[in-house]
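The structure appears below as structure tokens.
The values are calculated or read from the model by the stated rules, or taken from the named source; none is laboratory data. These numbers come from a predicted model, not from an experiment. Quick reminder, even Gly has a Cβ in these numbers, built from the backbone with ideal geometry, and neighbours come from all protein chains shown.
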Amino acid sequence: MMKYFTLLLIVFLISIKTSAQIQEGAKVIDLSFSFSDSESPGSSTFFFGQSLIGFATSENTLFYGGLRYESLNFSSTGNEVNEHLTSFVVGYEKLFELNEKVYFSPFITTSYGFGKIENPSVTSDMNQFTFSIQPRLHYFINNKWSVVASVGIVQYISEKEKSGGGELTRKRIGANLNAANTSFGIRLNLNNE
């Protein structure tokens, strides 16, 4: 039943016809978040919040800067690990019209963050560099407000973990389409005509 409702909602959104797009010189405030909670085989909770300010250099082309906060808590076999990361983010986005209210965009970001990993035996400092590409859909409520959703990510991550026992460096690249990489947001388009 839910998949039919979702399909009907998508068809409805694509069929609406009114003008909405980002004009050159417009400024935007982009707020997005994600939350997931899992109970098997251990438990994990993930939270992601991001606040960006963008500027349109040409029609439907935006550059962003801002902050991201991520929190991951998981436990398995009685061990609980908490990760907290705050990052500076720079991004680029080019919107492509699907119809006058719905747009698709590849959202390209790079970020540098710092935080802590805490587990029962040790607390470590962490630095992380990330480059990522996320597909996003924008639904323009009107020319000032839009709703944004993304599912999945392609990313490269390089992180260093430092503790009293030394330093550990990890690098990984991958693509993921699971629910932990689903985010929703709202965007205010300032001085957009």
Review point. Looking at (1) among the aliphatic types (A, V, I, L, M); (2) more than 17 Å from Ser183 (Cα to Cα); (3) at pLDDT 90 or above, can you tell me which one Val148 breaks?
Key: (2)
Exercise for review: Determine whether segment 30-43 contains at least one residue that is of a type outside the set (Asp, Glu), in a strand (DSSP E or B), under 18 Å from Leu190 (Cα atoms) and modelled with pLDDT of 85 or more.
Suggested key: yes
**Study point:** Check on Val102, under 12 Å from the mean Cα position of the chain (by Cα) and surrounded by 14 or more Cβ atoms within 10 Å (Cβ to Cβ)
**Key:** no
Review point. If you check Phe88, Phe63, Phe74, which single one turns out to be under 17 Å from Ser43 (Cα atoms), among the hydrophobic types (A, V, I, L, M, F, W, C) and either part of a strand (DSSP E or B) or at pLDDT 95 or above (or both)?
Key: Phe74
Check your understanding: Any residue in segment 14-24 that is outside any loop (DSSP other than H, G, I, E, B) and modelled with pLDDT of 85 or more?
Key -> no
Exercise for review: Kindly check whether there is at least one residue in segment 43-61 that is in contact (Cβ under 8 Å) with a residue 60 or more places away in the chain and of a type in the set (S, T, N, Q).
Suggested key: yes
Exercise for review: Within segment 135-151, track down each residue that is of a type outside the set (Val, Ile, Thr), in contact with a strand residue (DSSP E or B) (Cβ under 8 Å, 6 or more places away or on another chain) and either closer than 21 Å to Asn191 by Cβ or surrounded by 15 or more Cβ atoms within 10 Å (Cβ to Cβ) (or both).
Suggested key: Pro135, Arg136, Leu137, His138, Tyr139, Phe140, Asn143, Lys144, Trp145, Ser146, Ser150
**Study point:** Close pairs (7 angstrom Cβ cut-off, 6 or more residues apart or separate chains): in contact (Cβ under 8 Å) with a residue 12 or more places away in the chain and within 12 Å of Arg136 (Cβ to Cβ) in segment 88-101, surrounded by 13 or more Cβ atoms within 10 Å (Cβ to Cβ) and among the small types (Gly, Ala, Ser) anywhere
**Key:** Glu93/Ser105; Lys94/Ser105; Leu95/Ser105; Phe96/Ser105
Review point. Does Gly185 qualify as being at pLDDT below 85, closer than 25 Å to Ser38 by Cα and in contact with a strand residue (DSSP E or B) (Cβ under 7 Å, 6 or more places away or on another chain)?
Key: no
